[in-house]
1. For segment 44-62, check the following and say yes or no: at least one residue is out of contact with any helix residue (DSSP H, G or I) (no Cβ under 7 Å at 6 or more places or on another chain), of a type in the set (Asp, Glu) and over 29 Å from residue 94 (Cα atoms).
2. Go through (1) out of contact with any helix residue (DSSP H, G or I) (no Cβ under 9 Å at 6 or more places or on another chain); (2) loosely packed, with under 15 Cβ neighbours inside 10 Å; (3) not in a strand (DSSP E or B) one by one and return the number of the condition residue 73 breaks.
3. Quick test of your reading of the structure: residue 107 fulfils all but one of (1) part of a loop (DSSP other than H, G, I, E, B); (2) modelled with pLDDT under 70; (3) within 21 Å of residue 22 (Cβ to Cβ); (4) basic (Lys, Arg). Name the failing condition by number.
4. Just the residues that are of a type in the set (A, V, I, L, M), part of a strand (DSSP E or B), touching a residue at least 24 places away in the same chain (Cβ under 8 Å) and within 23 Å of residue 15 (Cα to Cα), please, taken from segment 31-68.
5. Does any residue of segment 6-28 turn out to be among the aromatic types (Phe, Trp, Tyr), part of a loop (DSSP other than H, G, I, E, B), farther than 21 Å from residue 120 by Cβ and at pLDDT below 90?
6. Here is a list of conditions, (1) under 15 Å from residue 24 (Cβ atoms); (2) at pLDDT below 80; (3) of a type outside the set (A, V, I, L, M, F, W, C); (4) touching a strand residue (DSSP E or B) at 6+ places or on another chain (Cβ under 9 Å), and residue 90 meets all of them except one; can you say which number that is?
Amino acid sequence: MDNNIFKKIEEEQLKKRPDVRVGDTVKLHIKVKEGNKERVQIFEGTVIAIKGQGLNKSLTVRKISYGIGVEKIVQLHSPILSKIEVVKRGSVTKSKLYYLRERVGKRALKINKIQDMYETDEVEEVKEEVVEEPVEEVKEEVVEEKAE
């Protein structure tokens with residue numbers, strides 16, 4: 001098959017996502033379906049691996065919850081993933097941070113040169129200023145009736 005056809009189909013499916021790197025602390029807004037209700041669950045952790053390219057790109061995010069390490073592997077352009085926020089940018093020298101799995105406590109979160117930042121994939125809407133028209137004030141006169 002022709003690769004150009006695949007590329008055209010992939011380009012339509014790609015979503016605008018922020019630049020996520022290994023070592024970043026991210027918040028994943030994941031849609032969770034419970035019965036007939038759907039809600040958004042936030043998963044905040046460190047990106048320990050990025051695999052694939054294009055539509056098949058996936059993130060492995062790790063966090064420590066109540067002393068237990070939890071990892072989630074999420075497709076970057078999946079409809080389940082509603083939003084990604086990059087909270088902190090970490091500087092690492094390796095492309096996979098699997099060595100964090102053996103670490104416990106604060107050592108498990110240690111990444112060099114962490115910079116605070118905020119980046120998201122939401123498009124900020126430009127709010128137009130509404131010009132208010134002057135409203136004429138209507139004075140009401142209260143007429144009191146004298147009691148006889």
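The values are calculated or read from the model by the stated rules, or taken from the named source; none is laboratory data. These numbers come from a predicted model, not from an experiment. Quick reminder, even Gly has a Cβ in these numbers, built from the backbone with ideal geometry, and neighbours come from all protein chains shown.
1. Looking for residues that are out of contact with any helix residue (DSSP H, G or I) (no Cβ under 7 Å at 6 or more places or on another chain), of a type in the set (Asp, Glu) and over 29 Å from residue 94 (Cα atoms), one finds none in segment 44-62, hence no.
2. (3)
3. (1)
4. Within segment 31-68, the subset of a type in the set (A, V, I, L, M) is 32, 40, 42, 47-50, 55, 59, 61, 64, 68.
Those still in the list that are part of a strand (DSSP E or B) too: 32, 40, 42, 47-50, 59, 61, 64, 68.
When the remaining residues are screened for being touching a residue at least 24 places away in the same chain (Cβ under 8 Å), the result is 40, 47-50, 59, 61, 64.
Matches in segment 31-68: 40, 47, 48, 49, 50, 59, 61.
5. At the first step, the residues of segment 6-28 found to be among the aromatic types (Phe, Trp, Tyr) are 6.
Subset that is part of a loop (DSSP other than H, G, I, E, B): none.
Checked against the condition, which is being among the aromatic types (Phe, Trp, Tyr), part of a loop (DSSP other than H, G, I, E, B), farther than 21 Å from residue 120 by Cβ and at pLDDT below 90, segment 6-28 yields no hits at all.
6. Condition not satisfied by residue 90: (2).
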